Amino acid sequence: MANVLIVEDSQPTATAQAYCLWESGHTVAFAGDGATAVAKFGSETFDVVLLDYDLPDTTGLELYRKLRSIDPDVSAVMVTGRGDERLAAKILKEGAKDYLTKSGGLLEMLPDVVQRVLAERETQRRLAAQEEALRQAHQALEHKVAQRTAELRRINQRLEQEIDYRRRVETALLQSNQDMLTLLESVSDGFVAVDMHGRITYINRAAGEWLALAHDDAIDKKFGDAFPWAADAGLDTTIKNVSATGTSQSCEIEINHNHLHDWLELRLFARPEGVAIQLRSTTQAKTRELRRDKQRRLLSRQVQERTAELAAVNRRLQDENDERLQAEATLTRTNQELAHALTALKQSQTRIMQSEKMASLGQLAAGVAHEINNPAGFISSNLHTLAEYHGDLQAFTSACGDLRGCLLQADVAAALPPKVQQKLAATVDLAETLDLAYIMEDMGALIAESREGTDRIRRIVDDLKTAIHPGDEIPTPTDLHAILDAAVNLIRHDTRDRIDIQQDYGALPALNAYPQRLHQVFLNLLVNAAQAIAGQGIITIRTCREDDQAVIRIEDSGSGIAADHLAKIFDPFFTTKPVGAGTGLGLKVVYDIVQNHGGTIAVENTRATGTTFAVRLPLTDDGKGNRPLATSNTAMKTVKIEDET
């Protein structure tokens, strides 16, 4: 079925034509003028266009020309009310498919005309497709013929080039053969050519002169017949083998024939026509070689004698060298032992000096702690008594207040003597002026704060005693969290107002250890962490249990440790501080104490986040008496180091 565009300005006529086409199964679109028809034709695809010749804005012929400019293959049927044959001929000459008049059975003829136009359109399409296929086949055939022609032309050119090349090669070979013969005649080596049967076909001048055989006398003779010494050496058989296998061989023979004593080197080469033989006298070389062999034997005997003498001398030198090496090794060991002893002596001297300093400081601190503890005890005891007095006084004040309330009642006050009334009024005024209730309340708070201060003095003194106490020589059950708290208390004075200490304690069992030594470990690490922070910062203490180890991590937000210093921080006397500001033994002492407890200490350093020291102490028995005991309390707290004055 077809899609038909009806261009008709008369609506009844267009409707009748459309109805007729609908009944035949076609689809129809309308256009009442030329402009509408052009717009529809440009936006849709139509198989047939029915054009009214007389339109409001153009003629059917002009419209047909416009439609052909859009689609040259448009199939148009002109419909008009005129019966003019010249007009019909003009329309058909322009390319319209048919010409119909509106009178005389238009509606009956219209379906057949559309069907015929569609059939012609399809036939034209098939013919165009066949013509295109024939054109492409013709082009392909012409292309193949051109390719084959070009290929034959290239083959012909290659053949001509090959023929020319072979001519040049033949000429070159002839010239090369002539040059080769000239060369063979001029060389000092002898050359003989034999055929497949061993007959001589060529002998050069040098071979003829050297073998005393003319060229003409040698041609066509077998090599063994011409040279009897060759037959004696079995050269005829060798020639046959080389010719049969197509290989090459070489050999050297000694000639003793007709008073001729000589050595010859023969090289046999297979060639298509037979075998080529190169003869070269090696008599002089052989004579020199025999002479050299004699000299080598004599020299070898002398070398053996000299080698024996040198071996004896070498053994003596080796013995002396071994003795010297042993002496050097002994001296090296002695020097190393002395160096180690010197280092150990320096360390011991430094430790002794440090111990003496610490002992003196401990005695001084013990005396100061004792002197502080005594007045602190007096103050604490007096404050306790004062608190009891304050309670009694507060009870008495309360009773006085109740009595004053009773006396101030109207009926009671009226009955009192005037003098008593005056005293009562003065007492009330004085109580209000002094604000006695506030004084009693504030006095209790002051006493409580004073008692808290004396408790803090007592704790500091106790922590100081713990730090300076020499400790026992056997491990004791130790609470790591208590030791950490004591160490934190001791560094408060130097880090006030600038460092937050965050304590994140996990569940840890007590372990058998040397508490005073561990106190020194944590105090040294905390002091280093505080010194690494230039301004405001944070020190974080974390504890946890990992497998059978207690892990204590001390982190600071300082500037970190340089990467090239990490491997040396536990070495004795290593310090990054200015001369006189540190001994370089702080971390070495920490390392030795941790090692003595069977533990490890590691440092983690990042420039962006500071430094972390991780101390790991075993909780199981490792031969040093460390066993898990009672579990400590778990705590999480943050300590702000502030000025307590």
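The gain in end-to-end length when the T330 to Y19 segment is fully stretched comes to 99.0 nm, 0.36 nm per residue minus the alpha carbon separation.
Accessible area per residue for the stretch 286-336 is 90 Å², calculated with a 1.4 Å probe on protein heavy atoms, without ligands, DNA or RNA. Straightening the chain between I379 and M109 buys 83.6 nm, computed as 0.36 nm per residue apart minus the Cα-Cα spacing.
Restricting to Cα pairs below 8 Å that are 6+ residues apart, what does the relative contact order work out to for the stretch 478-553? Please round to a whole percent.
Once divided by the residue count of the stretch 478-553, the mean separation gives 41 percent.
Scanning residues 5 or more positions from A29 or on other chains, those with amide H under 5 Å from its amide H are V4, L5, I6, with H placed 1.01 Å from N in the peptide plane. According to the Kirkwood relation over distinct C-alpha pairs, the hydrodynamic radius of the stretch 1-86 is 12.9 Å. Of all DSSP beta bridges confined to the stretch 1-91, the antiparallel ones make up roughly 5%. Temperature 25 °C, viscosity 0.890 mPa s: under these conditions the Stokes-Einstein estimate for the stretch 262-324, based on its Kirkwood radius over C-alpha pairs, is 151 µm² per second.
Only Cα pairs under 8 Å and 6+ residues apart enter the sum, and on that basis the relative contact order of the stretch 1-116 stands at 24 percent. If R0 is 30 Å, the Cβ-Cβ spacing of Q394 and D497 corresponds to a FRET efficiency of close to 0.20. The alpha carbons of the stretch 82-177 give a radius of gyration and a Dmax of 33.2, 107 Å, in that order.
First measure r as the distance between the Cβ atoms of N3 and Q161, then evaluate 1/(1 + (r/R0)^6) with R0 = 51 Å and state the FRET efficiency to the nearest 0.05. The computed FRET efficiency comes out at 0.15. Shown here: the stretch 497-538, whose C-alpha atoms stretch 38, 22, 14 Å along the first, second and third principal axes, sorted largest to smallest. Under 5 Å between amide hydrogens, built in the peptide plane, is the criterion, and for D98 it picks out M78 among residues at least 5 positions away or on other chains. Counting only Cα atoms, the stretch 134-195 measures 79, 20, 14 Å along its principal axes, largest extent leading. For the stretch 507-571, the pair-distance distribution built from all alpha carbon pairs, in bins 10 Å wide starting at 0, is 17, 42, 33, 8 percent.
Normalise the Cα radius of gyration of the stretch 24-148 by 2.2 N^0.38 Å (N = residues in it) and let me know the number. Normalised Rg, Cα atoms only: 1.34. Amide H contacts of N204: F191, each under 5 Å away and 5 or more positions distant or on a separate chain (H built 1.01 Å from N in the peptide plane; Pro and chain starts excluded). Solvent exposure of the stretch 153-205 amounts to 77 Å² per residue of accessible area, where only protein heavy atoms count and the probe is 1.4 Å. Note on the stretch 123-195: with neighbouring protein chains present and a 1.4 Å probe, carbon and sulfur make up 57 percent of its accessible heavy-atom surface. Putting +1 on Lys and Arg Cβ atoms and -1 on Asp and Glu Cβ atoms, find which of V145, L127, V77 reaches farthest to the positive end of the dipole of the stretch 28-181. Positive-end residue among those listed: V145. Here r is the Cβ-Cβ distance between A146 and E120 and R0 is 41 Å; the resulting FRET efficiency, rounded to 0.05, is 0.60. When the alpha carbon gyration tensor of the stretch 127-232 is reduced to an equivalent ellipsoid, its three semi-axes come out at 67, 15, 8 angstrom, largest first. Modelled spin-label separation between I253 and M440, with each label point placed 7 Å from Cα along the Cα-to-Cβ direction: 15.1 nm.
The values are calculated or read from the model by the stated rules, or taken from the named source; none is laboratory data. For clarity, every value in this text was computed on a predicted model and none was experimentally measured. Cβ atoms come from the backbone with ideal geometry, glycine included; neighbour counts cover every protein chain shown. Note: areas computed on protein heavy atoms with side chains; ligands, DNA, RNA excluded. Shrake-Rupley method; radii C 1.70, N 1.55, O 1.52, S 1.80 Å.
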